[in-house]
Structures are given as structure tokens and as C-alpha cells.
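Below is one structure, written out as C-alpha cells, with a few remarks after it.
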Amino acid sequence: MKSSKKNYVLPIAIMFALFFMIAFVTGLQNPFGVIVKNQFGASNFLSQLGNLANFIAYACMGIPAGYILGKIGYRKTALLAIVIGFAGVSITFISGQAASFGIYLCGALVSGFSMCILNTVVNPMLNTLGGGGNKGNQLIQFGGVCNSTAATIVPVLVGYLMGQDEAARTIAKANPALFIAMGIFALAFIVLAVSKIPEPSFEKSGGSEKKKSTDKYSALSFRHFVLGIIAIFVYVGIEVGIPNISNLYMTESLKMDPAIAGSLVGTYWFLMLIGRLVGGAIGAKVSSKAMLSTVSIIGLVLVIAAIFSPESTKVTMPVFRSNISFGMASVPMNVMFLVLCGLCTSVMWGGIFNLAVEGLGKYTAAASGIFMVMVCGGGVLPAIQGFVADTFSFMQSYWIIAAALAYLLFYAIAGSKNVNKNIPVD
């Protein structure tokens with residue numbers, strides 16, 4: 001057993017690298033919302049369609065991804081996802097050359113298929129390698145650090161590439177970011193192709209064992225899992241909606257420079273990185289339930305404070321700048337409150353996933369696929385927010401986020417309890 005544990009160092013490192021890729025490609029849709037709004041004259045709702053296409057792919061691919069994982073294993077599934085991801089980013093590049101909104105949406109959708117498959121691989125893999133429970137949550141939190149690192153870089157990088165000239169804010173101007181994404185995919189494919197990673201669940205089933213048709217239970221038979229997939233739906237909407245809509249709010253309503261707005265959005269993701277580092281450090285000692293309930297309460301307070309704070313009230317806060325350094329910037333107090341939410345959203349994913357799949361046993365692989373379906377909330381909630389912003393105002397749209405945080409608090413306190421322990425899971 002000791003030697004097998006030593007072999008887990010490489011697969012864990014690979015899963016961390018895949019976490020980075022997921023955030024880098026997904027994060028492109030945040031600044032691209034500002035770009036397509038300028039380039040194609042889109043409304044707040046239409047500007048979120050690329051993000052919606054990216055996440056709606058999860059609804060289409062989640063269950064098939066779980067099936068693919070069960071049939072061909074972790075390594076081959078990850079390689080397939082990388083190829084699809086490279087194709088998706090390439091289509092986005094072509095959309096810039098063709099100046100086509102339709103091709104851009106196609107690229108976002110294909111990229112979303114890749115991100116869904118990768119998420120289906122990395123989350124159960126890290127949870128398994130950590131042995132589930134607090135240790136499994138701890139590994140997912142550290143993987144989230146890699147995720148947040150990429151998410152921090154993307155809006156700052158693209159904001160810098162856009163520059164001061166509004167007419168020059170086009171998809172084609174963001175090509176360097178797309179080339180970086182293609183390079184990451186190509187490198188990851190090569191490394192993973194020559195590496196060996198353990199296939200815990202796959203090895204147990206032999207990769208070919210058919211499910212018994214007489215099994216009357218499934219992952220959906222567990223109440224805490226059903227409530228958990230709803231929780232992940234609203235959580236991803238929270239995580240994406242806060243920075244996406246705030247970016248539009250800052251550039252349109254407050255008339256801020258895209259580079260400054262991108263720096264503030266980057267700061268949000270940087271705070272997620274810090275939160276995940278802390279979460280990973282204490283994850284083995286603090287339960288997922290305690291962690292999720294605490295950050296849900298704090299996040300709810302911050303969002304409500306942002307809604308009621310006048311934008312005329314300014315504060316000075318440190319921001320993560322395009323030259324990879326920190327500087328002070330004067331920003332509206334409500335923007336500061338929204339940026340600080342990054343500390344709260346940081347540990348939510350790992351906590352929810354850990355609580356939702358706890359005690360599922362043989363149903364975990366299928367559960368992971370269903371779990372990924374609900375990640376489409378990251379596209380649905382921001383689109384709803386964009387519609388509310390068009391109809392009322394940017395800040396009023398954050399009541400959607402407040403309601404979602406209230407649900408997460410309920411799930412942490414009561415909904416996450418496994419009340420179906422009588423179901424056999426071996």
C-alpha cells in the first residue's frame with residue numbers, strides 16, 4: 001500500500017494541471033462578454049450567450065461523460081477531452097478572423113464539451129486519491145488553487161490586450177490568449193499520453209462490467225445527492241455571475257477602463273486562489289459542512305451590502321494588475337464587496353462535491369456525470385442576471401446571487417445529510 005501511494009504524486013500533479021486548463025478556457029468567456037458586446041453591439045443578455053453556450057454543454061455532455069469515463073477510464077477520457085478542447089479554442093480563433101458571432105458561439109460550445117469531460121475526470125479522481133472525506137476535499141481544494149490561478153490570469157491578460165481603444169476591442173485582438181490556451185492543451189496531451197495514472201474505479205470493474213438491470217437504486221436515490229446537484233447548479237452560477245456581470249457593470253455603467261475592470265475581476269479570482277489555499281491547508285481538519293455554511297453566510301452579507309451600497313462611495317483597495325503585481329485603485333464600495341466574494345466562492349465547489357458524493361460508493365462514477373450536467377448553472381444564472389440587468393439594473397440583478405447563496409446555506413446546514421444509508425453501495 002505504501003508504494004502505491006507514492007505513485008499518486010504524478011496523477012495528482014496531472015489532475016492539478018487539468019484543473020488549470022479548465023479555468024483558463026472557461027475564464028475566456030468573462031472578458032469575451034465585454035468584447036462581443038463592443039464588437040457585435042450585443043445586449044447584456046446576448047453578451048452572456050458565449051458563457052451560456054460554454055456551460056450549456058455540461059447539460060448535454062455530463063451524463064455521456066460519466067458513461068465514457070466508466071467505459072474507457074480516466075486517462076483516455078482526459079486525452080479525448082484535450083483534443084476536443086483544442087478544437088474548441090481553434091474555432092474561437094477562427095471566429096476572430098471571420099468576425100462571426102455565430103462561429104464564436106460554436107467555439108464556446110465545443111470548448112464547453114471539453115471542460116465538462118475534464119471536470120468529470122479530475123473531481124472524482126482527486127476525491128478518490130485523497131480517500132474521500134476531509135482528505136478528498138483537501139485535494140480538490142488544492143486543485144482549485146490551480147483553477148483559480150488560471151482564472152486570475154485570463155481577465156487581466158485579455159483586459160490588457162484590449163487596451164484603451166474601444167474600436168480595437170475584438171476577438172482577434174485576444175489571439176495571444178487563445179494561442180496560450182492551444183499551447184497548454186498541446187503540452188498536456190503530450191505529457192498525459194506518455195504518463196500512467198491509476199484507474200481506481202475502472203480497475204475494480206475491469207472496465208467492462210455491466211450494471212445489473214435489477215438494481216433499483218441509482219445516485220438519484222440519495223436525497224443529499226439530489227439537493228447537492230441543485231447546489232452545484234446555483235454555486236457555479238454564483239461563481240461565474242458575480243465577476244461576469246460586474247465586468248459589464250464596471251465597463252458600461254461606471255465607464256471604467258477595461259484593463260482596470262479586468263484587474264478587479266482578476267482580483268476576484270486571485271482571492272479565490274487565496275481562499276482555496278487556506279481551504280486546502282485546513283481541509284483535513286475542518287468539515288466540508290462547516291466550511292460551506294460559513295462562506296455562504298459571509299457571501300450573502302457581502303452581496304446584500306453591495307446591492308445597498310451607493311456607487312458614489314469610493315474606497316481604495318489593492319488590485320491584481322496586468323504586470324503581475326499589486327497596486328492600489330479607487331473603486332466604488334459595492335464593487336469591492338463583490339470582489340471580496342471571491343474569498344467565499346473559493347471553497348464552495350470542493351465542499352459541495354464532497355458532501356454530495358459522500359456515501360455513494362459504486363454510484364460515484366455515474367453521480368459525477370450527473371453532477372457535471374448541473375454545472376450548466378454557470379451559464380444559466382449569468383444569462384438570467386443579464387436579462388434582469390437589461391430590465392432593471394446591474395445591481396438589482398444580484399438578488400439572483402443572494403437567493404442562490406441562501407440555498408447553499410440551507411444545503412450546508414440541512415440538505416447535505418445522508419438520510420438514505422439503508423441503500424447498499426458496495
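As a calculated quantity, the FRET efficiency between THR391 and ALA284 at R0 = 45 Å, using C-beta atoms, amounts to about 0.50. For the range 404-423 versus the range 378-393, the spacing of their alpha-carbon centroids is 27 Å.
Here's how it looks for PHE320: its modeled amide H is under 5 Å from those of THR267, which are all 5 or more places away or on a different chain.
For the chain, the membrane-span-like helices by this rule, meaning whole DSSP H stretches whose C-alpha atoms cover at least 18 Å of axis and whose Kyte-Doolittle mean is -1.0 or above, are 9-27, 49-98, 101-129, 133-162, 175-193, 223-248, 258-282, 288-308, 377-391; this says nothing about an actual membrane. In this structure the amide hydrogen of GLY283, modeled in the peptide plane, comes within under 5 Å of no amide hydrogen from residues 5 or more places off or on another chain. The residues of the range 231-289 have, on average, 28 Å² of accessible surface per residue, using a 1.4 Å probe with all protein chains present. Measuring only protein heavy atoms, the 1.4 Å probe finds CYS376 accessible over about 10 Å².
Phi angles across the range 313-320 convert, under the Karplus curve 6.51 cos²θ - 1.76 cosθ + 1.60 with θ = phi - 60°, into 3J(HN,Hα) values of 7, 9, 9, 9, 9, x, 10, 8 Hz, Gly and Pro given as x. Can you give me the Cα centroid spacing of the range 94-126 and the range 270-310 in angstrom? Here the two parts' Cα centres lie 28 Å apart. Rounded to the nearest 20, the size of the Cβ-charge dipole of the chain about its Cα centre is 1380 debye, with Lys and Arg at +1 and Asp and Glu at -1. Taking a point 7 Å out from the Cα of ILE274 in the direction of its Cβ, the residues of the range 329-351 whose backbone N falls within less than 11 Å of it are 340-344.
Between the amide H of VAL315 and those of VAL331, MET333, distances stay under 5 Å, these residues lying 5 or more places away or on another chain, with hydrogens modeled in the peptide plane.
The values are calculated or read from the model by the stated rules, or taken from the named source; none is laboratory data. From a predicted model like this one, the values you see are computed outputs, not experimental measurements. All Cβ positions, glycine included, derive from the backbone under ideal geometry; neighbour counts span all protein chains shown. Accessible surface is based on the protein model in full, side chains and every heavy atom, while ligands, DNA and RNA are left aside. Shrake-Rupley method; radii C 1.70, N 1.55, O 1.52, S 1.80 Å.
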